[in-house]
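Data block below; observations after.
The values are calculated or read from the model by the stated rules, or taken from the named source; none is laboratory data. The structure presented is a predicted model; accordingly, all values stated were derived computationally and were not measured. Glycine also receives a Cβ, built like all others from the backbone with ideal geometry; neighbour counts cover every protein chain displayed. In case anyone asks, the SASA skips ligands and DNA or RNA and just uses the protein heavy atoms, side chains included. Shrake-Rupley method; radii C 1.70, N 1.55, O 1.52, S 1.80 Å.
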Amino acid sequence: MTKELFLGAFEINGVNLTSQGLWAHPDNTTWRYKELEHWTDLARMLDDGGFDFMFLADSYGYPVIDGVVPDVAFEQGVEIPKNDPMLLVPAMAAAAPRLCFGVTSSTSFEPPFANARRFATLDHLTRGRIAWNVVTTSSAVVTELFGKDRYVPHDERYAIAQEYLELSYALLEGSWEDDAVLADKGARRYADASKVHKVVHHGRYFDVEGYANTEPGPQRTPVLFQAGASSSGRAFAAGNAELVFLQGKDAPSLAAQVTDIRTRAEQAGRAGTDIRTVSGLSVITAPSTAQAEDQLEEYLSYVDPDAARVYYASMTGIDLAALDPEGSFSDVTTEGGRTQVERYKGTSVREATADFIRNGMREFVLTGTPTEVVDRIEALVTDTDLDGFNYTPYVTPGSYRSFIADVVPELRRRGMLPETPRTGTFRERLSGRGPHLPASHRAARFRHQPTTA
């Protein structure tokens with residue numbers, strides 16, 4: 001039976017997505033990221049083109065190497081400047097009434113109460129089309145920006161994140177009962193006070209007492225994304241996530257990741273199918289394979305190697321230029337973000353550096369005619385049992401326009417995308433069930449009690 005895939009669009013509210021320097025390409029309009037129309041036009045295109053969601057990555061930091069922000073970071077817009085993506089969502093949701101949205105928010109720096117309140121608000125404004133990409137921020141520069149007195153080690157960040165989510169569930173799921181809101185003008189009673197409950201949480205990392213001051217949204221808890229590649233990150237995802245971004249280096253390694261996350265979910269008391277797995281995909285099509293490959297090389301000619309290296313440093317804390325080119329990347333360790341370190345295990349520093357300069361965070365890059373590209377997508381799904389792709393453009397809006405015109409119809413013809421795009425809340429589309437967390441899923445989450453300080 002052919003699997004229907006979930007299709008996302010990978011975006012950032014800044015000038016460079018992952019290929020540093022490509023903002024300057026004549027066909028790229030990402031320099032318009034400050035204009036609301038840039039985003040509402042893109043959302044409408046994705047909505048009309050059959051995409052399920054737009055994923056907006058984000059981070060607070062910027063590249064710092066040996067205490068200095070390299071000039072190339074400013075010159076090429078490497079993670080600076082960039083704007084808050086969360087503020088774009090209501091306008092895009094109004095412009096694109098079917099499209100869903102995933103937004104990044106950090107458990108390391110955002111207060112749990114404020115974060116829950118924002119996502120409940122977005123859940124209302126999007127009518128249940130919002131997801132939270134849960135991240136544990138690793139950047140030392142962000143620690144300084146937020147005035148924190150210590151840099152938190154990697155595994156402890158996930159311990160903090162787990163308690164953060166338990167508190168978030170209490171605020172989003174446990175404060176207001178389903179029928180607490182009456183909105184009875186005749187009786188002059190907006191809510192039944194007996195059905196609104198105080199949240200009391202005194203844990204190792206967080207202390208909160210009080211009521212959630214937002215009504216529950218259509219989904220209550222937003223759909224939960226996660227992308228950690230370390231052992232701690234995978235364990236955290238297995239216990240909490242509903243959609244996981246996996247590292248697509250090749251089919252065998254991706255298949256192993258799909259199996260691993262589903263096994264871990266079962267060990268956490270969930271069904272393996274509770275988690276949808278997604279990997280990155282970039283596509284260039286043309287009338288011939290040679291023309292598509294030429295177009296790829298033309299795009300890559302705009303990549304600035306120095307900008308790419310400092311971009312890597314901003315994510316991982318690792319200066320590639322300071323490593324021995326002949327050394328093994330398997331020996332590279334960091335307390336920073338590990339996803340882009342785990343990706344290169346088993347390669348040399350030279351190979352890893354060359355690959356990152358060329359591809360950035362891109363995973364599967366497919367070139368060819370539309371039929372050739374869809375053949376490879378179909379084979380990849382068959383070999384890995386992946387559930388979907390996060391499409392990463394080279395230029396906006398041209399890469400999307402080409403994918404929608406050339407690839408989406410063929411995916412639909414083969415039954416890999418629905419003929420009529422999905423509707424309903426984000427969770428309903430992913431799970432095929434109701435808009436709220438399943439009872440078994442919710443029970444698994446609440447069985448962890450806060451640790452008393």
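Here are the numbers for this structure:
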| quantity | calculated |
| --- | --- |
| Projected label distance in nm at residue 149 and residue 372, using a 7 Å step from Cα toward the beta-carbon | 6.1 nm |
| Segment 1-159: C-alpha gyration tensor shape, a/c 1.5 cut-off, then a/b vs b/c | oblate |
| Among beta bridges that DSSP assigns inside the chain, antiparallel share in %, nearest 5 | 25 percent |
| Candidate values [x] 21.8, 77; [y] 26.4, 84; [z] 23.1, 72, label of the one derived for Rg and Dmax of the Cα atoms in Å | [x] |
| Two-site FRET efficiency, residue 140 against residue 190, from Cβ-Cβ distance with R₀ of 60 Å, rounded to 0.05 | 0.80 |
| Solvent-accessible area per residue for segment 1-85 (1.4 angstrom probe, square angstrom) | 41 Å² |
| Cleavage-rule hits (chymotrypsin sites (Phe, Trp or Tyr not before Pro)) in segment 389-438: DSSP loop, at most 10 neighbouring Cβ within 10 angstrom | none |
| Global geometry of segment 229-359, whether rounded, prolate or oblate, following the gyration tensor of its Cα atoms and the 1.5 cut on a/c | oblate |
| Long-range lysine pairs (8 or more apart or interchain), the chain, Cα under 28 Å | 7 |
| Residue-averaged 222 nm ellipticity for the chain, from DSSP H runs of 4+ at -39500 (n - 2.57), nearest 500 | -11500 deg cm²/dmol |
| Selected from 212, 199, 151, residue furthest toward positive end of dipole (segment 145-222; charges at beta carbon) | 212 |
| Three-way shape call for segment 110-171 based on the alpha-carbon gyration tensor, with the a/c threshold at 1.5 | prolate |
| Residues of segment 255-410: accessible area per residue with a 1.4 Å probe, Å² | 39 Å² |
| Surface share of carbon and sulfur [accessible, 1.4 angstrom probe, percent] for the chain | 52 percent |
| 10 Å Cβ shell holding at most 11 others, DSSP loop, trypsin sites (Lys or Arg not before Pro): longest site-free stretch of the chain | 199-432 |
